[in-house]
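Down below is the structure, laid out as structure tokens.
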Amino acid sequence: MISRFLSGVRGTILSPRNSSPLSKFRDFYCYTSQAASSLQQACEPFPYSEDEYAYVDWDNLGFGLMPTDYMYVMKCSENDRYKEGKISRYGNIELSPSAGVLNYGQGLFEGLKAYRKESGGLLLFRPDQNAMRMKFGAERMCMPAPSVDQFIDAVKQITVANKRWVPPPGKGSLYIRPLLMGSGPILGLAPAPEYMFLIYASPVRNYFKEGSAPLNLYVDDEYDRASRGGAGGVKTITNYAPVLKAIMSAKGRGFSDVLYLDSMNKKYLEEVSSCNIFLVKDKVISTPATNGTILSGVTRKSIIEIARDLGYQVEERAIPVEELMYADEVFCTGTAVVVAPVGSITYKDKKVEFRTDAEALSRKLYNTLVGIQMGVIEDKFGWTVEIE
């Protein structure tokens, strides 16, 4: 289906130097993932810039919201399937005050990136993993989810539509944010009667204000990120606001982020607010096992596979906080942070420092992962998806 979609617009949005007939352009933005008859729905033609790149200071790009031109929306009713979706101008959405997502937090989100190759083509990194994770989370949150094919198709569409916002090679990436929410009105505590799948995008670079500089983390033994039997293992929106107080407190004292311990024993490492954590000792890499309270990160999974391919032993297990005192290296992984070296961790007023020089393993893993994502290193794992 995406090939049919691309062929219909290849002479317009994919070739910014060519003029774009308004009729074809209008068809593109009225496009849905259903039969050709749905292309006839009425919609207003949108203004369009034929510039190859948006007017952005790419050298000073950070990790903040920079609204792009278009978003994708698809809806379905309770006990139904998602049947059609469309590209529309980026803008506010209308929700009932009693929407399930607003009243009971019935919502999920994902995060993935699109990269621009030196040739100008666009690459996605493992979108199938995000699609499957959303389906897993949707089951936990009692929501219907798009199929894997629908998810990937929608991600491809939003990437093509916002192509001019994909940074030049080496200048960042287009961060793609799929949302799944209970959009229908509900008063009593129950699943919403209608659901919305929405994707928007923003060009980004470094997640932390330190850029690529090592992070300094604080181990918080007061606040919990997740508990057994909860939803810590899925990417629900309800996991994130509760950690804001801990993050703001830590940043107010000069730390980059917070590392949380398990809620039951306050003894074992869990994860950082927005990323997974790894410890390195000699040739052994350890990371907390995903046992229901820790998010199974796509970057986490990829780094484990890369490290094993490079000959390292990787252990997924319960890690006592005391092991931080003896680690050679510590690093974080996530879609937003990629692979971020940790320079120090403070626990109970004791600060421990770790290796972060150019020969550190985290640098090697980062270079390998980003090289695959940008298409400059052979993707022998079959992870990347080329759009054009």
note = Flagged pairs (Cβ under 8 angstrom, 6 or more apart or on separate chains; first in the stretch 150-170, closer than 22 Å to GLU84 by Cα and touching a residue at least 60 places away in the same chain (Cβ under 8 Å); second part of a helix (DSSP H, G or I) and acidic (Asp, Glu)) are ILE152/ASP128
query = Which residue pairs have Cβ atoms closer than 8 Å, lie 6 or more positions apart in sequence or on different chains, and pair a first residue in the stretch 292-316 that is closer than 18 Å to LYS364 by Cβ with a second residue that is basic (Lys, Arg)?
reply = SER302/ARG126; LEU310/LYS364; GLY311/LYS283; TYR312/LYS283; GLN313/LYS283; VAL314/ARG308
inquiry  = If I go through the stretch 121-145 residue by residue, how many of them are without any contact (Cβ under 8 Å) to a residue 24 or more places away in the chain, surrounded by fewer than 17 Cβ atoms within 10 Å (Cβ to Cβ) and not aliphatic (A, V, I, L, M)?
reply    = 1
note = Taking the stretch 167-195 and keeping residues aliphatic (A, V, I, L, M) and surrounded by fewer than 23 Cβ atoms within 10 Å (Cβ to Cβ) leaves LEU179, ILE186, LEU187, LEU189, ALA190
inquiry  = Where the second residue is assigned to a strand (DSSP E or B) and of a type in the set (Lys, Arg) and the first is closer than 19 Å to ILE152 by Cβ and in the same structural domain as PRO191 (by TED's automatic domain parsing) and lies in the stretch 64-82, which pairs have Cβ atoms under 7 Å and are six or more apart or on separate chains?
reply    = TYR70/ARG89; VAL73/LYS86
query = Got a sec? Which of LYS113, LYS83 is assigned to a strand (DSSP E or B) and among the basic types (Lys, Arg)?
reply = LYS113
Close pairs from the stretch 219-233: first farther than 16 Å from VAL258 by Cβ, partner assigned to a loop (DSSP other than H, G, I, E, B) and not polar (S, T, N, Q), Cβ under 7 Å, at least 6 apart = ARG228/MET264; ARG228/GLY292; GLY233/GLY292; GLY233/ILE294; GLY233/LEU295
key: Selection from the stretch 352-381 of residues that are more than 23 Å from GLY120 (Cβ to Cβ) and acidic (Asp, Glu)   = GLU353, ASP357, GLU359
note = Residue set VAL258, VAL234; condition in contact with a helix residue (DSSP H, G or I) (Cβ under 6 Å, 6 or more places away or on another chain) and within 24 Å of LEU102 (Cα to Cα); output residue VAL234
remark   = Of those in the stretch 326-341 that are aliphatic (A, V, I, L, M) and in a strand (DSSP E or B), the residue surrounded by the fewest Cβ atoms within 10 Å (Cβ to Cβ) is VAL338
request  = Considering every residue within the stretch 125-138, establish whether at least one is more than 19 Å from the chain's Cα centre (by Cα) and assigned to a loop (DSSP other than H, G, I, E, B).
outcome  = no
remark   = Here the residues within the stretch 223-256 that are of a type in the set (S, T, N, Q) and closer than 19 Å to ILE277 by Cα are SER227, ASN239, SER256
message = Take the conditions part of a loop (DSSP other than H, G, I, E, B), charged (D, E, K, R) and either within 18 Å of the chain's Cα centre (by Cα) or not assigned by TED's automatic domain parsing to the domain that holds ASP128 (or both) and apply them to GLU323. Does it pass?
response = no
Candidates GLY107, GLY137, filtered to the one that is modelled with pLDDT of 95 or more and touching a Lys or Arg at 6+ places or on another chain (Cβ under 8 Å) = GLY137
ask   = In the set VAL243, VAL280, which member is part of a strand (DSSP E or B) and in contact (Cβ under 8 Å) with a residue 12 or more places away in the chain?
value = VAL280
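The values are calculated or read from the model by the stated rules, or taken from the named source; none is laboratory data. Note that the structure is predicted; figures quoted are calculated from it, not measured. Here Cβ is always computed from backbone atoms with ideal geometry, including for glycine, and neighbour counts include all displayed protein chains.
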